[in-house]
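Read through the structure below, which is laid out as structure tokens, and then see the notes.
The values are calculated or read from the model by the stated rules, or taken from the named source; none is laboratory data. Keep in mind it's a predicted model, so treat the numbers as computed, not measured. Here the Cβ positions follow ideal geometry from the backbone for every residue, glycine too, while neighbour counts run over all protein chains shown. SASA here: full protein model, heavy atoms, side chains in, ligands and nucleic acids out. Shrake-Rupley method; radii C 1.70, N 1.55, O 1.52, S 1.80 Å.
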Amino acid sequence: MSLNAYQSDPALRDAAIERLRRNAVAECLAPGPLKWDGSKGSLVGCILESDDLTQWEQTLGLPQWLALTADGVAAAQESVDAALAFGTDLLGAVRPGADVSRAGSAVIISVLADADEFVGKLTDIPAELKHLSEQVQGLQRRVLEGERPAPAEWRPVRRAATALTDTLESEVMKSLSTCVETAAWDPTTSKAVVFDTLRVYSQAAVHKACAEAGYTVEIDNEIRTHLKLMWDTYLADRPELQGKGTTVFTLLKEHYPEVEAKIQWKMQLDREAYAYANRRAAEVLIEQLKRI
């Protein structure tokens, strides 16, 4: 089924943007999963003033995968203001009259290429994983060109990527393989695949940042060992301390501040990497919508 964005009427797009802005000013915007209860709503809920995705498709002429992706990406932004800016940019990126049904495949191709590139700069990618990524990108290109690859074409690639993921030891490589297996669905029939791929891409970006910063398995094991030591030594047989709010983390800071500092460092790495990946996800989505 082809779609006609905003029914070829720019005024319909402008009205959607205005509803979103009005609800944000009224503090109704609460980024998260699809919701609208009249007083609070997700990004898409505030655009529609409804939680009925058939309105997104039938009234705005936009595919349902884009609604789920928009809500997911908005929820991952750093603030409500950032989510609002993303929402207005997204609506403005779609040309009235365009059919963006297949743009999900373009987003997935871009994300896989990006992940291939940054992982490839860190380490050699196994030939089998490269081949599987190329296969998924090839299937997505066919969707983008108007074909409908049969489920039987997606299934073996997905299974092979899942099996390969289980054999990989590097967290960075596992995350790339997980991206490939997650992306091996047709976005025109799977409403969740575009956002799921972006979500896994964000996790891959965290593993990349940790690898680049020198956060190793040995450091992770050191932290886990010391946390277990705090539990076994101070809390396992002292429920009264647990009731007072004492945790393995507060004890670690008291007894092994140098190890606790490594936890803080890891948390900072994660925050910065997720923030970058979430901004990048928004950029990729909007870039590809503008090209349709």
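In region 257-292, whose amide N lies under 16 Å from the spot 7 Å out along Cα-to-Cβ of Thr225? List them in ranges. Those under the cut-off are 257-260, 262-263.
Element breakdown for region 81-200 at a 1.4 angstrom probe: carbon and sulfur atoms account for 50% of the accessible area.
For the pair Asn4 and Thr216, label points projected 7 Å from Cα toward Cβ lie 6.3 nm apart. Under the convention that each Lys and Arg Cβ holds +1 and each Asp and Glu Cβ holds -1, the size of the dipole of the chain around its Cα centre is about 400 debye. On a C-alpha basis, how far is the centre of region 123-202 from the centre of region 42-66 in Å? Whole number, if you could? Using only Cα atoms, the two centres lie 27 Å from each other.
With all protein chains in place and ligands, DNA and RNA left out, the 1.4 Å accessible area ranks Ile292, Ile286 as Ile292, Ile286, largest first. Each Lys and Arg adds +1 at its Cβ and each Asp and Glu adds -1 at its Cβ; summed about the Cα centre, region 94-251 shows a dipole of about 560 debye. Hey, for a label at Glu258 modelled as a point 7 Å past Cα toward Cβ, could you say which residues of region 195-239 have their backbone N under 17 Å away? Zone members listed by number: 216, 218-227. Two tests apply to each whole DSSP H helix in the chain, Cα reach of 27 Å or more along its axis and mean Kyte-Doolittle hydropathy of at least 0.0, and the ones passing both are 103-122, 193-213. Averaged over its residues, the chain has an accessible area of 48 Å² per residue, based on protein heavy atoms and a 1.4 Å probe. Here the simple spin-label model places points 7 Å from the Cα toward Cβ, and for Thr54 and Arg141 these points are separated by 3.9 nm. Given R0 = 41 Å, the distance between the Cβ atoms of Trp265 and Ala15 translates into a calculated FRET efficiency of 0.30. For the peptides 29-37, 59-67, the ranking by packing is 59-67, 29-37, with the highest mean count of neighbouring Cβ atoms within 10 Å listed first.
When the pairs Lys191/Lys290; Lys35/Lys290; Lys174/Lys228; Lys208/Lys244; Lys121/Lys228; Lys35/Lys130 are compared against a 28 Å limit on Cα-Cα distance, Lys208/Lys244; Lys121/Lys228; Lys35/Lys130 fall above it. Show that you can apply the helix-only estimate: for the chain, add -39,500 (n - 2.57) for every DSSP H stretch of four or more residues, divide by all residues, and state [θ] at 222 nm to the nearest 500. For the chain, the value works out to -22500 deg cm²/dmol. Sequence-ordered 3J(HN,Hα) estimates for region 30-46 from the Karplus curve with 6.51, -1.76 and 1.60 and θ = phi - 60° stand at 10, x, x, x, 3, 7, 7, 10, x, 10, 9, x, 5, 4, 5, x, 6 Hz, glycine and proline given as x. In a DSSP loop and with at most 14 other Cβ atoms within 10 Å, there are no GluC sites (Glu not before Pro) in region 258-292.
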